Amino acid sequence: MVSILLRPVRQLALTLAANDSPRQVAWGFALGMLAGLVPKGNLLAIGLFVLLCALRVNKPAGLLALALFAVVGSWLDPLAHAIGALILTWGPARPLHAWIYAQPLGPWSGLNNTAVLGQLVIGLYLIYPVYCLTRLFASKIQPRAIAWLQRYRAVRWLTGLELGARLSAR
Amino acid sequence: MKLFRWKYVLPRLALVLTVVLSIHFGLDPLIRWAVVAGGESAVGAKVELASLGSSLSRGEIMLGPWQIANPHSPLRNLLQADRGRLQIDTRALLAKRLVIRDGTLRGLRWDTPRATSGALDTEETTRADTSSGPADFSPWLESGRQAGADWLAATRERLEQDLTGQLETPQVVRELQDRWPRQAARMGARIEALRVQTGQIQSQLKAARQNPLRGLEHAGQLQQSLQGVQQEMLVVQEQLSRWPGQATEDRQALELARDHDRQFLRDTLHGDGLDGAQLSKQLLGPVVADRLRTVLGWVGRVRSLAPNRPVRAKTDAKRGVVVHFVGSRPQPSLHIRRLALTGSARLGSTSTDWIGTLTDVSSQPNLLEQPTQLCMQGIGTLDFKVNITLDRTGGLARDDIRLDCPGLLLPDSTLGSGTLALRLSPGKTSLQLHLVLVDERLDGQIHLQQSAVQLRRADPSESPANPVVARLARLVGQSLAGIEQLDTTVRLAGSLQQPTWQIQSNLGPQLAQGVNRATRQLLEQQAATLQASLDKQAERQWNRLAKQRETTRQQLLARLGNGRQLVEQLARLGGGPAARSIPQQSIPQLGKLPASLQKLNFTR
């Protein structure tokens, strides 16, 4: 029970202090950013979330990014709408959009929504820069953060719990 | 390093599988909940569905008995059915649409009673009733009722009014009764004065004969007095001789007065004529208004379920705009392509079974290429056809409703109220209804034709207390015998909420014709009776007055004749110039006087 209750706190600490590589942290954060930006309530958002959970990436970093960019995404809606409208009304791409829409589950995908498509494009555009920056950040900060966090008994206890959980799982 | 964390994926796959299985087995309750919740939200009253079964593989939904309560009458159902089967297009579900390709609903009935209240417990149930049809026809009906009441009151007043004060004949008779005795009295007084004057002259003459010397002094004066009396007698006699001529003139005046009264009675006691159109309105108005209210109420309810404004396709996106691509026409989220219907209905006093089809029903009818159509046809006891088209495909909502029922059995009903209330016996009626609603504008016609009509007064046993009204009521009853066919057309205009309508029927004119004829006869009879009574009375009074006047005249002439003889004798005794002779023919009746009057004395 204690493990379940402390799991979010533990994962927050593990975002930086876990044994995951900076690359995993960066991919987790980038995918979380993408899933956070896209408006919810469509198959695309669900697919991105499932992908985030299914891939071997740093999940705490992804969830953190998802929460953060869900807020940022609403601020970017006007820009996303403009980009989405531009793409959806671009003549040469219309047959492709129409084809996607006509496919089974096409209307559920949300790709004919200007905000969804716009946020997806923004997210895709930002994913690599965010990945690079996060990886850089993680590789530089992670060792120091681990050393700093390990000084605290609570963190040691939390990482111990996580380690214990992992060992018990094995 | 493995790409997938199978340890992570597998539990989640198991979770998804569980969810899928749950949906598979929990789909029926889920759909049932969705149907009930969606129905209640759309109708605003309870939707009850006894059972529901579904098969995703076959794309079928089987409905058990269901009923939808009437939001405006919680103890009645708007619609009720025994069972149904809906064939769903599962591919459309992948396109985020619910399309019912085909289906059947059996045992459909409308406006059936409920055991429990169908009102929802939420506040939404108290929303304003915007589809219950026109609110108030009472001003229109009141005007018709008022017209009938006015006619009745006017006719009653004509029959009951006292006209004797306005007739001239009694006035002429009264004037004669007053003038002739006064004239006779004046004449009698003059004759009496002559008698007195003659007596004085006689006395003076006697005195002069006893004393001639003294008498000579007054001889001239006596002579003048005698001449004066003689002159006055001549005048009186002449005036008395003019009495018969004057009586003839008075008789002519009386005849003129009678002619005037005859004309006056003809002018006064005539029927204004009951207006047939107004009578139709009064008799048929309440019945038609009642049925019209029901029909327009149902039309309003159907319209409230089929939005008459173009409904945009739901974007179900709070963020962004859903773009519809060229070549992919926006499709409604709910589309019922075709439903085969069977059910039963009660029209008039007949219950009958019917079959029908309902096509192209949608939550966004403006997105469809075809209008919604409902076709119903009676089978069994009653033949009828209903065609309803709700067209939302154009810019304006256009509804076309046709009903053709050639053998509708209507129950007996009461037409009108009060003295003019009629009872219409049950009979077969041909009913044709055609309503066209373009946006909010209503245009329509209802035609009712009933043959072998049996009409009678609503309560012939009860006779009104007032004899005149009772007589009028009897006339109305007699006038109904000639009406054999009832042909009524109601023309509708205005809007659904505020319709205006006109009734054209042969009932009012036929009945009015009979009533007017009978009323005219009644009034003429009344005038003739009054005239005859007046003539009889005037004649009797005239005869009495003329006889009395003639007797008086004879008496006065007799008295005057006696006086004349005395005056002549006195003139001879006086030895003066010959007295002016009074012509005998002036007093021809003198010889006819009774013996008692044949005296020489100038008696009273």
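The values are calculated or read from the model by the stated rules, or taken from the named source; none is laboratory data. A quick note: this is a predicted structure, and the numbers were derived from the prediction, not measured. As a convention, Cβ positions derive from the backbone with ideal geometry for all residues, glycine included, and neighbour counts pool all protein chains shown.
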Quiz item: Of A:G110, A:G62, A:G41, A:G32, which residue is crowded, with 19+ Cβ neighbours inside 10 Å and either within 11 Å of chain B (Cβ to nearest Cβ) or within 19 Å of B:H324 (Cβ to Cβ) (or both)?
Solution: A:G110
Quiz item: For the range B:15-32, how many residues meet the condition of being of a type in the set (A, V, I, L, M) and either within 14 Å of another protein chain (Cβ to nearest Cβ) or under 60 Å from the mean Cα position of the chain (by Cα) (or both)?
Solution: 5
Quiz item: Does B:G44 count as more than 14 Å from every other protein chain (Cβ to nearest Cβ) and loosely packed, with under 15 Cβ neighbours inside 10 Å?
Solution: no
Exercise. Output the number of the condition that A:I141 fails; it satisfies all remaining conditions of (1) within 14 Å of chain B (Cβ to nearest Cβ); (2) surrounded by 13 or more Cβ atoms within 10 Å (Cβ to Cβ); (3) touching a residue at least 24 places away in the same chain (Cβ under 8 Å).
Key: (1)
Quiz item: Which residue out of B:G228, B:G220, B:G215, B:G276 is in contact with a helix residue (DSSP H, G or I) (Cβ under 9 Å, 6 or more places away or on another chain), in the same structural domain as B:A571 (by TED's automatic domain parsing), of a type in the set (G, A, S) and at pLDDT 75 or above?
Solution: B:G228
Quiz item: Across the range B:424-458, which residue is surrounded by the fewest Cβ atoms within 10 Å (Cβ to Cβ) among those that are under 20 Å from the mean Cα position of the chain (by Cα) and part of a strand (DSSP E or B)?
Solution: B:R456
Exercise. From (1) out of contact with any Leu (no Cβ under 8 Å at 6 or more places or on another chain); (2) at pLDDT below 80, pick out the condition that doesn't hold for B:R337.
Key: (2)
Quiz item: When you look at A:Q119, is it surrounded by 17 or more Cβ atoms within 10 Å (Cβ to Cβ), in a helix (DSSP H, G or I) and at pLDDT below 80, yes or no?
Solution: no
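Residue by residue, here is whether (1) within 25 Å of the chain's Cα centre (by Cα); (2) modelled with pLDDT of 90 or more; (3) among the small types (G, A, S); (4) not in a helix (DSSP H, G or I) holds:
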position	(1), (2), (3), (4)
A:P95	no, no, no, no
A:Y128	yes, yes, no, no
A:F137	yes, no, no, no
A:T159	yes, no, no, no
A:A165	yes, no, yes, no
Quiz prompt | Check on B:V35, within 14 Å of chain A (Cβ to nearest Cβ) and either free of Cβ contacts under 8 Å to residues at least 12 places away in the same chain or aliphatic (A, V, I, L, M) (or both) | solution = no
Quiz item: When you look at B:V9, is it within 14 Å of chain A (Cβ to nearest Cβ) and either under 47 Å from the mean Cα position of the chain (by Cα) or assigned to a strand (DSSP E or B) (or both), yes or no?
Solution: no
Quiz prompt | Residue satisfying condition, being more than 24 Å from B:L93 (Cβ to Cβ) and small (G, A, S), within set A:A70, A:A45, A:A98, A:A102 | solution = A:A70
Quiz prompt | Matching residues in the range A:44-59 - criterion: being within 11 Å of chain B (Cβ to nearest Cβ) and farther than 26 Å from A:P104 by Cβ | solution = A:R56, A:V57, A:K59
Quiz prompt | Subset tally (residues that are in a loop (DSSP other than H, G, I, E, B) and either closer than 20 Å to B:A340 by Cα or not β-branched (V, I, T) (or both)) for the range B:365-382 | solution = 6
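Just to verify a result, which residue in the range A:6-26, among those that are within 12 Å of another protein chain (Cβ to nearest Cβ) and buried (at least 20 other Cβ atoms within 10 Å of the Cβ), is modelled with the lowest pLDDT?
Restricting attention to the range A:6-26, the residues satisfying the condition of being within 12 Å of another protein chain (Cβ to nearest Cβ) are A:20-21, A:23-24.
Now drop any that are not buried (at least 20 other Cβ atoms within 10 Å of the Cβ), which leaves A:20, A:24.
Values: A:D20: 66, A:Q24: 87.
Residue satisfying both the conditions and the ranking: A:D20.
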